[in-house]
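Notes follow once the structure below has been shown.
Values in this text are rule-based calculations from the coordinates and carry no lab data. The structure presented is a predicted model; accordingly, all values stated were derived computationally and were not measured. Don't worry about glycine lacking a Cβ; one is built from the backbone with ideal geometry, like all the others, and counts go over all protein chains shown.
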Amino acid sequence: MYPIYKNLDPKEFGKKIEALYKILECCQLCPRKCKVNRLRGEKGFCRVDANLYISSYGAHFGEEDILVGYGGSGTIFLTWCNLRCVYCQNYDISLEGNGEKVSTEKCAEIMLYLQQRGCHNINLVTPTHFAPQLVKSISIAAEKGLEIPIVWNCGGYESAEVVKILDGIVDIYMPDIKYSNSETATKLSHAYDYFDRCREAVKEMFRQVGNIQIENGVAKRGLLIRHLVLPEDIAGSQEIFNFLKNEISQDVWINIMAQYRPYGFLPEKMERRITKDEYQNTVNLAIRIGLKNIIVNPFFDFS
């Protein structure tokens, strides 16, 4: 299966790039709608101007098996974030912005390098606030021979209108669905409308790419959800699973993640690791609700 962006007419590619950069004049790339002019150096919640900032890149073998294959996932870690999750383990990247400014041409070269070294995809981590620059980089790389899928690895707090512009460019959407209630989303990620906006965006993502399609054990297109189990079910997993079953697809792929570690200034309920029972109960809940493609972490160390 050929990457979807290879079918996009160069003029249409250009129109999408132009539309995304236009948004930077009064930034509404994400639901925060800060409306700052990033092209003039103004910064909103994500604290980023019009430049592209990358922390690191390389072949990553710690992602889902269907992304990793035998050659790894070609991961590009972007700096800063449109969420400020109080428990973020990558705070040095997402909250402190550790990384360096790169041009879109350099980013395209990185994509081509990752393809050359045998990676199965280009995995853009926390890309939301850099959508214009990244789409331009993909366009440049595509003209120079990029032909592996694009993975949009995001926090789930997305603008459905911006996701619509990405139609025809992104092959694999991999959003988090973190929480189902506004109180938790406000306390933990400063995003009271997180679930409302996330649902809108995920519906649009699924409309574009559908369920995961796999060739030779590696995902080529589709939607893959990540959901992190939190202590005492403060994430509200049941409502999330019901949404996926009833409004997306019972066949949607979902990685139920057990990697939570207490870090940062946390509410009392979160000052511990999850238990094995909490994790298994969440997996069992997804099964009872009827989700069919669940990625489980069976050998995770809960000690």
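Data table
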item	result
Region 197-287: relative contact order in percent, alpha carbon pairs under 8 Å with at least 6 residues between	28
Choice from Pro31, Pro149, Pro132 with maximal GNM fluctuation in the chain (Cα, 10 Å cutoff)	Pro31
Of the chymotrypsin sites (Phe, Trp or Tyr not before Pro) in region 65-146, those whose Cβ has at most 10 other Cβ within 10 Å and which sit in DSSP loop	Tyr70
Other-chain or far-sequence residues with amide H under 5 Å of Asn123's (modelled H)	Gly74, Thr75, Ile76, Val151
0 to 90° range, to nearest 10: angle between helix 131-143 axis and the chain longest Cα axis	60
Distance in nm between pseudo-label sites at Phe61 and Ile287 (7 Å out along the Cβ direction from Cα)	3.0
Cα centre as origin, Lys/Arg/Asp/Glu Cβ charges: region 255-299 dipole, Debye	120
Long-range amide H partners of Ser56 with built H, under 5 Å	Phe77
Cleavage-rule hits (GluC sites (Glu not before Pro)) in region 81-168: DSSP loop, at most 13 neighbouring Cβ within 10 angstrom	Glu96, Glu147
Karplus-derived 3J(HN,Hα), 6.51/-1.76/1.60, for each residue of region 178-186, Hz, glycine and proline x	7, 9, 10, 10, 6, 4, 5, 4, 5
Distant-in-sequence amide H partners of Ile225 (H built 1.01 Å from N, under 5 Å)	Trp253, Ile254, Asn255
Whole-angstrom gap from region 217-289 to region 140-186, using each part's C-alpha centre	19
Hull shadow area, averaged, region 4-295 [alpha-carbon convex hull, nm²]	13.8
Packing-based exposure ordering (other Cβ within 10 Å, fewest first) of Lys101, Lys106	Lys101, Lys106
Cα gyration tensor of region 165-303 - equivalent ellipsoid semi-axes, whole Å, descending	25, 18, 14
Unsatisfied cross-links (Cα-Cα over 25 Å) in the set Lys136/Lys178; Lys6/Lys220; Lys15/Lys203; Lys16/Lys43; Lys187/Lys292; Lys35/Lys269	Lys136/Lys178; Lys187/Lys292; Lys35/Lys269
The chain: most fluctuating residue of Thr126, Thr104, Thr275 per GNM, C-alpha cutoff 10 Å	Thr275
Dipole of the chain, positive direction: furthest Cα of Leu67, Tyr157, Val102, with charges on the beta-carbon	Val102
Helix-derived mean residue ellipticity, 222 nm - over the chain, DSSP H n ≥ 4, -39500 (n - 2.57), to 500	-9500 deg cm²/dmol
Partners for Lys276 among aspartates and glutamates (Cα-Cα distance below 17 Å; same-chain residues under 8 apart left out)	Glu232, Asp233, Asp301
Highest-fluctuation residue, Ser159, Ser182, Ser94 considered, GNM on the chain with Cα pairs under 10 Å	Ser182
Phi-based couplings in Hz for region 39-46 (Karplus 6.51, -1.76, 1.60; Gly and Pro marked x)	5, 9, x, 6, 10, x, 4, 6
Separation of the Lys101 and Asn37 label points, Cα + 7 Å toward Cβ, nm	1.8
The chain, relative contact order [Cα under 8 Å, separation at least 6], %	16
At most 15 other Cβ within 10 Å, DSSP loop - trypsin sites (Lys or Arg not before Pro), region 262-296	Arg272, Lys292
Integer Hz, Karplus 6.51/-1.76/1.60 couplings in order for region 80-90, x for Gly and Pro	6, 6, 8, 10, 10, 5, 5, 9, 4, 8, 9
Chain lengthening between His190 and Lys15 when straightened (0.36 nm per residue, less Cα-Cα)	59.7 nm
